[in-house]
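For reference, the structure is listed below as structure tokens.
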Amino acid sequence: MSELRHISRREFLKRTGQAGGGLVLALSFTAGCGPKEQVPTTGGAEAVAPNVYVNIRRDGVVEIYCHRSEMGQGIRTSLPQVIADELEADWDKIELIQALGDEKYGDQNTDGSTSIRNQFDLLRNAGATAREMLIAAAAASWDVPAGECVARDHAVHHEGSGKSAAYGELVDTAAEMEAPTEAAFKSRENYRYIGKAMDTIDGLDITTGKAIYGIDTVMPDMLYASIERCPAFGGTVVSVDDAAARAVPGVVDVVRLPDPTSPLLFNLLGGVAVLAENTWAAMQGRAALEIEWDRGANGAHESGAYKEQLLKAAAAPGNAVLTRGDVDAALEAADAVHEAIYYAPYLSQAPMEPPAAIARITEDGGCEAWSCTQNPQAVQETVAGTLGIDKKQVRAHVTLLGGGFGRKSKPDFVAEAAWLARESGRPIKVTWTREDDIRHGYFHSVSAQYLKAGLDAEGNATSWLQRSCFPSITSTFNPAATGPSSFELDLGFVDNPYDIPNMRLEACDIKAHLRIGWLRSVCNVFHAFAVCGFVDELAYLAGEDPKDHLLKLLGDPRQIDPAADGAEYSNYGHPLDKHPIDTARFAAVVEKVADMAGWGRGLPDGHGLGIAVHRSFLSIVGAVAEVSVGDDGKLVVHEIWTAIDAGTTINPDRVKSQMEGAATFGMSIALHGEITARDGAVVEGNYDTYPVVRMSEAPQAIHAHIMESTAPPGGVGEPGVPPVAPAIVNAYYAATGNRVRELPLRKAGLT
Amino acid sequence: MAIEFSLNGKPVSLDVDADMPLLWALRDIAGLTGTKFGCGKALCGACNVHLDGQVMRSCVVPVSVAAGRNVTTIEGLAEDGSHPVQIAWRELNVAQCGYCQPGQIMSAVALLERNPNPSDADIDAAMSGNICRCGTYTRIREAIHKVAEGQS
């Protein structure tokens, strides 16, 4: 991007075509410089676009539009793998183009581990219909039946005549034809790329520093913004003294943002912005601001007192959302009763790249924005709402994301850049500091989980009562929300797979006082922590090996339907017959991961193995951790083994890397992560007070196995996270006999 | 005032506040965005560059410290990505989101220059200042060993 800084505004306009009314963007200046972006095609027979995802050029290059955001999960590699496979395209003749936000692509919200599990058929269809169009074009030009032609190696061939035509040669004919909307998919044994460990498509750019993230985009005349926001969520500015800020060299202006509205959604959070000629000056100016705040309705929020409220709420009866058998009678009749409360704190996603965006107001009053967003259509809607324009007037470019983990599905930071761009009349780059990110995020819910089991004389669980209490994500969209919503209870709560005849699951109300949002695997984090931990407790109460007990509790092979016990259950948007909650698949994963870890082997003194299994986003993951406590009293996680049943997978290396990453992310949750609040403000601010796992703590090895499967694809990015923390906690119990029911372990002095 | 130093082997003169951290001088003034902002407090290593061959956290080093010295950023390591560390990173597909990797690579290069055959403990000690939120640590270890063994 260095060239960009040195071109004049006039040259910029000329090169981007803006002078002529066209629109291109900063990123396409330097070829190979980060994600190549969408450029308007010229039409005619220079190229033919059978659908919105594929454009075949006369020179034979197949352009594939990646409409999903890349944040490390590998979608910019696996998406073209699927399309190119069906298209019978050569991998080295593909050009990947990052699509703008546009509803023509369908769902672009790269969240919920949905890219492959929801769009595998859509992507296959994009490739297959393009392939059939090219076959039809070749057949027409040779005057032979299409059924006699095959596509292979970036060309169409006619076996009888021996004729062949490269894809680029078919553009003219294909351009005259109607593209099919549906086509048959290839059979599995003919896959060329699906199921192959293709190298990461952005590997060269990443290792040479050329990859472009949200924070890296620059424009001529741009100002840099740093924003001071109210310490308490929803608070407002009373007064500002900006004299000292304006005196900082490089500071151009100080602008007060509008107060936050309710419901906040992804809209402006308010505060005071310092606009400057560079980031440092903006930060210096911001530090010199004197602001008096009204901390507002959440100004008294204190996480210690809130914890007591959560524990109290979870200890009292809630709203039953699933009822099987008669829990009360079973508890009454039980030989023994065991109860426990699990508590897990607020978390911050803390992606390495903090939220960052650049926006400019276009000549026609629209807005053009570049951002590290997981959801460019939400950028369109939010920016349009902020500026009072139509969403079609918002061009939302997607850069690479330096991590997302759910934070970047909320485009509040893009709205800030857009609003400031209009206010200042210049392009604006907003860069959040790490403290901004950790203090003003959309936090993962703090949670209390109450569990109670009745046991028979042999120690078998005959009843299970669980209450889930946490401030709901819904509160961000509806401040009146008072407790967990159905979609959150779907995440590892009502889909309980255990074969216990009497079960009642209850949701308990509590009001939110921070902005609540998604974090990688969402409510599955605390539900799995509690359920997998409590299941482990029951094993020891029964005097059984935890793995054997886990298999016993999963019961006979069967398919679970939470609706049969009165639960509203959406199964991640898919029918249960296509994506069943299948205990046989759970058991297979448990057996596999136990085998990988050498479950039952002799361990060094002081070591323990812990096991956990959890289904989320339609995939089942089992995890085993081996831990010990060192002489210094610190927990050491020696090794982690994971097995995932994600149905059909696209790129095994990227699936494994997601499992490795999820194990590390889960370790950070187990060991370190905790956000607290005082006087409405988040106390933690950077990686010193909000630590995450570092190399020195990383296990010697993280093993990942992908279960062979022909089932429809499940999610991959998130499902690896939930079983990790309970596997570690269970291993810690096996090693020491100490049961931990509260995260993070840091608070128990173990890190 | 103008601060003069060698940036990736070429002389540069940057007209900046002497207190501006080298990170922002590189990114906003020199236009080299490969060096990343992660924490601003020398906690994460995303901003690591080499100053006269030593790893330096550019987010807390004033640009004036670089005056008259040699600064190497990820862009100056090997523009075509041919440095053995860069090659090993690609061969093992180390990167996930990739954001921290320029800093990781700069740390790894410096480690291997002073210790061509590091143990796991050496790697942990040298690399623990670099946070990767995606969790690529085990592959980073493997990649460093691969370079040490001359396999890339």
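Tabulated results
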quantity: Computed helical MRE - 222 nm, the protein assembly as shown, DSSP H runs ≥ 4 contributing -39500 (n - 2.57), nearest 500; calculated: -8500 deg cm²/dmol
quantity: Quotient of C-alpha Rg and 2.2 N^0.38 Å, computed over the stretch A:436-488; calculated: 1.69
quantity: Ellipsoid semi-axes in whole angstrom, largest first, where each is sqrt(5λ) of the Cα gyration tensor of the stretch B:12-101; calculated: 24, 14, 11
quantity: Given chain B, longest segment not containing exposed loop GluC sites (Glu not before Pro) (DSSP; at most 15 other Cβ within 10 Å); calculated: B:1-78
quantity: Stokes-Einstein diffusion coefficient of chain B, Kirkwood radius over Cα pairs, 4 °C, 1.567 mPa s, in µm²/s; calculated: 84
quantity: Additional length obtainable on full extension of the chain from A:Glu302 to A:Ser696, 0.36 nm per residue less Cα span; calculated: 138.5 nm
quantity: For A:Asp90, residues with placed amide H under 5 Å, excluding near neighbours; calculated: A:His154
quantity: Zero-based 10 Å bins, Cα pair distances in the stretch B:90-146, whole percents; calculated: 25, 62, 13
quantity: Under Karplus coefficients 6.51, -1.76 and 1.60, residue-wise ³J(HN,Hα) of the stretch A:51-66 in Hz, glycine/proline x; calculated: 7, 6, 9, 10, 9, 9, 8, 4, 6, x, 6, 9, 8, 10, 8, 8
quantity: Shielding by partners, peptide B:80-93 (average Cβ within 10 angstrom, other chains); calculated: 4
quantity: At 0.890 mPa s and 25 °C, Stokes D of the stretch A:447-577 from Kirkwood alpha-carbon radius, µm² per second; calculated: 155
quantity: Projected area, mean over directions - the stretch A:241-333, Cα convex hull, nm²; calculated: 10.6
quantity: Exercise: per-residue mean of other protein chain Cβ atoms within 10 Å, A:685-697; calculated: 6
quantity: Convex hull volume of the stretch A:149-298 per residue (C-alpha atoms, cubic angstrom); calculated: 279
quantity: P(r), alpha carbons of the stretch A:497-560 - 5 Å bins starting at zero, rounded %; calculated: 4, 12, 18, 22, 18, 11, 8, 6, 2
quantity: Mean Kyte hydropathy of 0.5 or more with a Cα span along the axis of at least 15 Å, helices from DSSP in chain A; calculated: A:524-541, A:583-597, A:724-736
quantity: Shape call, the stretch A:544-697: gyration tensor on alpha carbons, a/c limit 1.5; calculated: oblate
quantity: Under 5 Å, built H, 5+ apart or other chain: amide partners of A:Gly555; calculated: A:Asp499
quantity: Computed label-point distance, nm, for sites A:Asp577 and B:Asn117 using a 7 Å Cα→Cβ extension; calculated: 6.4
quantity: Electrostatic dipole magnitude of chain A [Cβ: Lys, Arg +1; Asp, Glu -1; Cα centre; debye, to 20]; calculated: 1300
quantity: Radius of gyration and Dmax over the Cα atoms of chain A, both given in Å; calculated: 27.3, 84
quantity: Residues A:Lys511 and A:Lys392, FRET efficiency given R0 of 51 Å [Cβ-Cβ distance, rounded to 0.05]; calculated: 0.85
quantity: Selection from A:Val590, A:Gly402, A:Ala330 lying farthest towards where the dipole of the protein assembly as shown points positive, charges on Cβ; calculated: A:Gly402
quantity: Amide H within-cut-off set for A:Ala704, under 5 Å, with H built and near neighbours excluded; calculated: A:Thr642
quantity: 10 Å Cβ neighbours from other chains, averaged over peptide A:348-357; calculated: 4
quantity: Length added when fully stretched, A:Lys104-A:Asp605, from 0.36 nm per residue minus Cα-Cα; calculated: 174.4 nm
quantity: For the stretch A:435-450, Karplus couplings with θ = phi - 60° (6.51, -1.76, 1.60), whole Hz, Gly/Pro x; calculated: 5, 4, 4, 6, 8, 10, x, 10, 7, 5, 4, 6, 8, 10, 10, 9
quantity: Cβ-Cβ FRET estimate between A:Asp595 and A:Asp143, R0 fixed at 51 Å, reported to 0.05; calculated: 0.30
quantity: Qualifying aspartates and glutamates (Cα of each under 20 Å from Cα of A:Lys186; at least 8 residues distant if same chain); calculated: A:Asp85, A:Glu86, A:Glu88, A:Asp90, A:Asp121, A:Glu132, A:Glu148, A:Asp153, A:Glu159, A:Glu708
quantity: Percent of Cα pairs exceeding the 13 Å cut-off, where the set is the stretch A:583-634; calculated: 62
quantity: Under DSSP loop assignment and at most 13 Cβ neighbours within 10 Å, longest trypsin sites (Lys or Arg not before Pro)-free interval of chain A; calculated: A:1-577
quantity: Residue-by-residue Karplus 3J(HN,Hα) for the stretch A:708-723, coefficients 6.51, -1.76, 1.60, Hz, glycine and proline x; calculated: 4, 7, 10, 5, x, x, x, x, 10, x, 9, x, x, 6, x, x
quantity: Length released on extending from B:Ala18 to B:Arg69, taking residue separation times 0.36 nm less the Cα-Cα span; calculated: 16.9 nm
quantity: Using a Förster distance of 30 Å, the FRET efficiency for A:Asp688-A:Ser486 (Cβ separation, nearest 0.05); calculated: 0.20
quantity: Paired Rg and Dmax values of the stretch A:587-671, which use every Cα atom, in angstrom; calculated: 13.8, 44
quantity: Computed P(r) (all Cα pairs; the stretch A:31-205; 5 Å bins; percent); calculated: 1, 9, 18, 22, 21, 15, 8, 4, 1, 0
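Each value in this text was obtained by applying a stated rule to the coordinates, not by laboratory testing. Computed from a predicted model, the values in this text were never measured in an experiment. Using ideal geometry, Cβ is built from the backbone for each residue, glycine included, and neighbour counts are taken over all protein chains shown.
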